[in-house]
1. Treating chain B as a set of equal point scatterers at the Cα positions, no solvent, please give the Debye-formula log₁₀ I(q)/I(0) at q = 0.06, 0.07, 0.09 Å⁻¹.
2. Shielding by partners for B:147-155, please: the mean number of other protein chain Cβ atoms within 10 Å of each residue's Cβ.
3. Counting other beta carbons within 10 Å of each residue's own, what order do C:HIS135, B:HIS137 fall into, fewest first?
4. GluC sites (Glu not before Pro), restricted to the range C:51-108: which are DSSP loop and have at most 15 other Cβ atoms within 10 Å?
5. Percent relative contact order of the range C:484-603, based on C-alpha pairs within less than 8 angstrom and at least six residues apart?
6. For the range B:96-137 and the range C:188-240, what is the centre-to-centre distance using only Cα atoms, to the nearest Å?
7. Can you sort A:GLU16, C:GLU706, B:GLU102, C:GLU637 so the residue with the fewest Cβ neighbours within 10 Å comes first?
8. Report the one residue of C:VAL848, C:VAL906, C:SER871 whose Cα lies farthest in the direction of the positive end of the charge dipole of the range C:824-980 (charges on C-beta: Lys and Arg +1, Asp and Glu -1; origin at the Cα centre).
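Read-outs throughout are calculated quantities, based only on the coordinates presented, and are distinct from any laboratory measurement. Remember, it's a predicted structure, so these values are computed and weren't measured experimentally. All Cβ positions, even for glycine, are placed from backbone atoms using ideal geometry, and neighbour counts span all protein chains on display.
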Amino acid sequence: MLRITCPYCGPRDELEFRCGGEAHIVRPGPPETVSDEDWGAYLFQRQNPVGAHHERWVHEGGCRQWFHLVRDTRTHEVIAVYKMDEPKPEVPE
Amino acid sequence: MSYRISDWKIIWVLGVGYSGFRLIREALRGHRGWGPAWRSPEPKARYDALIVGGGGHGLATAYYLAKNHGLTNIAVLEKGWIGGGNTGRNTTVIRSNYYYPESAALYDFSLKLYENLAQELNYNVMISQRGMITLAHSRHDLEGAHRWVGAMNANGVETRMLSVAEIKRRIPALDVSPTARYPVWGGFMQKRAGTGRHDAIAWGYARAADRLGVDIIQNCEVTGIDRGPDGAVTGVQTTRGAIATSKIGLAVSGRSTALAEMAGFRLPITTYALQAFVTEPLKPCLDVVVLSLSTGTYLSQSDKGGLVIGGGFDLYPSYAQRGNLPAARRVLAAVADQYPGFGRVRLLRQWAGAVDVVHDSSPILGTSPVEGLYLNCGWGTGGFKAIPVGGTTLAHHMATGRPHAVAAPFSLERFSTGALIDEAAASGIPH
Amino acid sequence: MSGRRLDQGGQVDRSQPLSFTFEGRAYTGFVGDTLASALLANGVSVVGRSFKLHRPRGLFAAGSDEPNALVQLETGARTEPNLKATEIELYEGLSARAVNCWPSARFDLGAVNGLADRFFPAGFYYKTFMWPDWHLYEWAIRRAAGLGKAPKDADPDRYDMRFAHCDVLVVGGGPAGLAAARAAASGGARVMLVEQDAALGGRLNWDAAAIDGTDGLAWTDKVLEELDAAEEAQVLTRTTAIGYFDHNLIGLVERVSDHVEQADSDKPRQRFWQVRAGQVILATGVEERPIVFPGNDRPGVMMASAVRRYLNQYGVAAGQSAVIFANNDEAYLTADTLHAAGVEVAAIVDTRVSVSPDVLAAMSTRAVPIYSEVQITATRGRKALSSVLVSGAQVDEWIDCDLLAVSGGFNPRLQLFRQSGGKPDYDEAKAMFVPDLSVQAETSVGGAAGELGLGEALTVAHEAGVAAVAESGYRAADLVAPVADSRAPQLTPFWRVDEGKGKAFVDFQNDVTVEDIALSARENFVSVEHLKRYTTLGMAPDQGKTSGVTGLAILGELTGRSVAETGATADRFPFVPTALGTLAGQARGELFRPIKRMAAHEVHEELGAVFEEYGGWARPAYYPEPGESGWDAEQREALCVRQAAGLFDGSPLGKIEVVGPDAGTFLDRIYANRLSNLKPGRLRYGLMLNELGVVIDDGVAACLGENHFMVGTTGAGADTIAAWLEEWHQTEWPELDIVIAPMTQQWGVLTLSGPRARDILDAVGVEADISAEAFPHMRFIETNVAGVPARIFRVSFTGELSYEVNVPARRMPDMWRAFMTAGQPFGLSSVGLDAWMVLRTEKGYLHVGADTDGATVPDDIGWARVMKKQSDFIGRRSLTQPENLRTDRYQLVGLETVGSNAMLPVGAHLFMGGADGGSEGYVTSSGFSPTLQHGVALAMVKGGRARMGQVFEVRMDKALHRARIVDPCFYDPSGDRLND
């Protein structure tokens, strides 16, 4: 069970959170300018890295705030936590 | 079923194949006469085709390439030991009780191959068609079950609704009382569904492919995919040296994204941990596979006697091949609640695989954006039951350059046309 | 083997006898015994049968590594299969039977398997049973397989679950664990020490040792006192760490009541702990490993440490005359221990060339024959050992004995370390796998770290305790590390005897022999995982505790590889088998995914409601009057709404307020239709899509005031849509100045519907003017109803004049009663969901999740007009993907039965020209209209809107109907009643 540090509430058990998947995906638009391929890529293509993954989580059982995590998908180590409006941290590959 | 065994095959089976007769003969000679189930050859510099991934799908692909298409100068490259990925980590359920005609065609093709696989491979893969019951726990579930059964029968996959009394008779351990947290309203059964022995399926395909001349190369990790000036594949780099080829089939569940990245494209895949569980061996107490729609929990009893339990995957991306505790407790609590006598049965072992999940939970089969590179991925939590069809269709596409009819709807293009085949959309049945 | 209780010694209380039965025979043991020690004391030699060959087996070990003595404990609802006799603490009246044998362990008909054992080598089943079909043989195999029996009745016991946090968790209460815990707790840090046995001290309970100049157990008591005195320290005995999970979370099973005859009613049977530890110290000790030799499974062959443990902890001599077979110095400790207790030691059989002189010096007073550089190559005895054959260059001699104590060395218990992600390494000098790379915040100490010398182990453990608390910012007190003798037993690796006749078992539980491993190697199953899976080595309930490392060492020998090269298999949760009920904790029955109750639940109960679960809520399905069936009640209630009025509890419907200057903009992006131009006091139906264009929810949105909206959702969507709105606001459009406030459970909803609704509302007492002119359809007012502040939405899901009266949730019971009282003269009835669904189906109103599924886009339900909207919204781009523009998509239509007035079954499929033609669609909603006196149904049909008037066969099971496609609205299509 992961221990995640909510930037607003502090460290809590995984049970209080929900993972929202990959972060920093740019929603393309306006719709009439987006090709079927680009829209499909936005909807479905994911980086799915073996290693550091930038992802978003919500503290659903707590403050209901969304925030970002960098987590290693091999070890589940949490490398960084940052708020939605904070810049993406540089992490080693 | 009918069996037509030609004379030469009888001689082969009795002499060098596997049979009760040979087992007795070898036993009398101290079992010294059994040879390797497959060779461990050194990789050649060049093959007509390479299959990356020595799991069930990869080994089956090699077998069908050799058998159906006569391609024998081929190799399977496996990073670890064959059958060590999801082939050896699943709950061994085989079934074709799918809603959409495309899915039904695909999975029933697979089930039919499974039904004769032991004979075909001369290896007891222990296909046990003990039937699978899907439980409905509410009016909505039950209405959905009717819709599913109607669709499946229309698709030519025979299934039948069961009353609560019939379910209680088939699954005595199940709590069907109206006061249960998930009361049982009914369910449906596919009689041809069941289980298979997962390791044996990998080993049986490996042995049969090896006999046809396929090189199975273990401990050989692909580290790069070479492409020529026209962009087409020319070979691979591996931990055991470079190997040239013009056709590569990828069957690397849990690693598809990484391999695609080596070839320079991306896939609509996210990788999650899927857990499975087995209890200590018990005397027979459950003779069907049961799926509870509301809790998403699978249960069957292995031939050894352990209750084999599966559920949904863990809810964040992971390559760790180990499951997390909250997901494990969710699944096991469901079993303890729905089968009140099993609360005192003890969990023996938990394990996990890394599964490649696609939005519509249907596989991606066929060509990739790179010439000469073919895909067999995205099976999510349901790849085991599809090993024979995954192998057949990948082999067909690699050998003929055209998609196999049952694989055609599952191309990568569907993610830009929107033609998803989402079984979950039609019901919420996890798979 | 003829075990017997000694007159003295051990920790059992000879003044407190306990009677128990095994295999139906009565025996006596003492308080402090395990079932195993008590059986041994009573001279029971055969305690079980092996899994495959049904060979008679005796006790082999004394702890959780026991492979043979698996029992079915008790009978009835509390029966428990496959327990190890070594783990069961004896209590008065205990009853147990051996598993997997019939009629008994002593005489087992299954033993015929053993006669044909040569036909059952590893993996034999892969090579046969293929013709004509595996299923033909399977039933017989299944009956032969399996061990104990699953209980048939519901588990009557209760299980508890706790979370805990600590600075340091020490796993293992042996000397190393105690030293670490003592140091860690001395500075005030929160320390937990867990020990799987009933008593602390670990090995000190059977191997005497001096620590700090005093007896080891006296030292143990002193440390326990110190830990008891430390305020933040907690000691849990009978508690096994079973899992090491991410981020230093450890799962523990505390056996609270298993060891007592009758549990206190206020105590659970077991308690599952989830402990988040700053640092973990693994002091899990070692497992002794056997030497594999022909005939090694005869009852009377035992692990040497187990022999000492039975003797010194339980006062039981495992035999009269013993031979010791070992490759290490502890052989001599075993000999000394037996000799001191008066057991004859017939010989020490040492595989080594020489033994260090000081070890021999300690033996010099004993007249024990010592054989060096020899092996045991055969054993004799039918159901108990009678002699062993000692073979070497100079010797070939049968020695009579009824006990053979074996020691092949030691394996640190690395299971938890490996579960933590740690990587072990093979230490050639010590001939064992030891912890190497740590991944999580843990340290191994003592035997678990491969340190077999007590003195050194204590020093290192003490330092580990000091270092661990320092990580949490505590400073341990200035204590001196405990002092003890530091000598470690010397060992020369020796895995198996390669001579002699007879089966040499590696895995006792699964009957895996050296021959099986050799066959596996011959057939190229040379990866350890292949070996394990092909031979089933290490897959039994003992999880290979005695066999795992030995098996792979033998595979290495057979394939010319070192142990390190051969590698090891993974260790998986749980360390010991754990009841599913324990892992579930309290999450059973009502507490397994609890169902939500509405504020007026009790009132509905008083009214006789029959509840069903809908979307996580217990909701009234119908309110039967005496003698009425559910169907009768549904029909009466539905008719009552059409003729008079009904009162429906709509409280679970989602109510989410969106407030702020950008609320309109936000809702325009959320809904597929436009909301920003809605005027205060007005309502509008809206459709929500996901980014794939799929309809995920619908409902009525209200403009409550300037920049103040309320989003209405379905009951099932109340929570998910609230989370959905938050997600889009926070992650995609944080610049929008809005606040999202889910209010679903703050407001209860009394939905009053029917031609007399206005009269009834007036009778209840409403402050505002609710005349049709002042308060028309699709409007909102805020007022007082019966003196209670209320929001009234004039919106209808039945097609009748309807008011959704929202009141503070806690007022719901009173208000429901008030409405029913006021409505009585007008014929008001409570209405459940069944009737409600009939009413909305008569009107053709959509029910998201029933009429739609995860593939339905707006055009499929007749909402193509959303594409005319100028601005972007969630899912818009998906609607123009090729798949969503097809004209043969499933479209929502009405279905009218042809040739009868029958009700069509939901889920039935539509066909044209027989069932073979493929499904053309399916029934999504259906009811029998009491007003129209015929069935009304909605369906999704391929290209349905263009097929009005076509007649289909509607099939389900054997039932066959004919139905015509019609407009979905069956009742009052002009909507006059709605606007009344």
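1. Taking Cα atoms of chain B as identical point scatterers yields -0.25, -0.34, -0.57.
2. Mean partner shielding for this stretch: 6.
3. Final ranking by Cβ density, sparse to dense: C:HIS135, B:HIS137.
4. Those satisfying the criteria are C:GLU92.
5. Relative contact order comes out at 19 percent.
6. Taking the Cα centre of each part, the range B:96-137 and the range C:188-240 sit 56 Å apart.
7. By the 10 Å Cβ count, ascending, the order reads C:GLU706, A:GLU16, B:GLU102, C:GLU637.
8. Of the listed residues, the answer is C:SER871.
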